[in-house]
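Comments concern the structure below.
The values are calculated or read from the model by the stated rules, or taken from the named source; none is laboratory data. Just so it is clear, the model here is predicted, and its values are computed rather than measured. Here the Cβ is made from the backbone with ideal geometry for all residues, glycine too, and neighbour counts use every protein chain on show.
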Amino acid sequence: MPRLRGVLFDLDGTLVDVAGATVRCVQSIARDAGARPIEPTKIRAAQASTRDARARLAQWVVEAIRTNGGAPPPATVVGRALSTLDRHIEPDLRVVRTLAHVGNTCRIGIVTNGGRKLQRAKLHAAGLAALVPPKRVFVSGELGVRKPNASIFHQALQATGEPADSILFVGDDEREDVEGARAVGMRTCRVAPRGTATSADSRVEHVAELMEMIACET
């Protein structure tokens, strides 16, 4: 196997705790609507089940506020509030240090599904924008194609200038990240809790664990 020359990352759930940001955002909306606090576990489950479908999540929030005794705003208003999710992102210093370290030895990039404005705002809010060259940040909303479509992975590979089997893709979603990256020949690592079933070449619970792994392969 060739020496590792690059690492491409997913954004949401891999480098950015978007579930935690969603909890904080929804709780803020509910508080403003006079509702009792919504259980974080329920918000996380709703966020996971709706993924990028903001309108569906907004409708869920409306119903949750009503159930918790609040006067919910229209779903369109909730949707606009959810579009400012970057305001609720808390930088993870372990992620920042990991990207800085990996970037010193490998070419790094990001491949993410989502709208252009929000995904790039998340990068800035998480303190990661300065660590990844803009030409190696690929957002589905800008390209008109989403993971696991091979096209977005091929564009990212071309930007690294390295062969696919020398690139590691790191993500939290089995279908979009692991299967999508493997289909174009990349090595794969899934970010997931211990015991999670995966077809990835490796698994970590947090991207900080990559530093030791990458040190052995570069």
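Of the residues in the stretch 59-74, none is in contact with a Leu (Cβ under 9 Å, 6 or more places away or on another chain), surrounded by fewer than 20 Cβ atoms within 10 Å (Cβ to Cβ), of a type outside the set (A, V, I, L, M) and not assigned by TED's automatic domain parsing to the domain that holds Met186. For the stretch 106-152, filtering for residues that are polar (S, T, N, Q), touching a residue at least 24 places away in the same chain (Cβ under 8 Å) and outside any strand (DSSP E or B) leaves 4. Within the set Leu157, Leu168, the sole residue that is in a strand (DSSP E or B), of a type in the set (A, V, I, L, M, F, W, C) and farther than 21 Å from Asp52 by Cα turns out to be Leu168.
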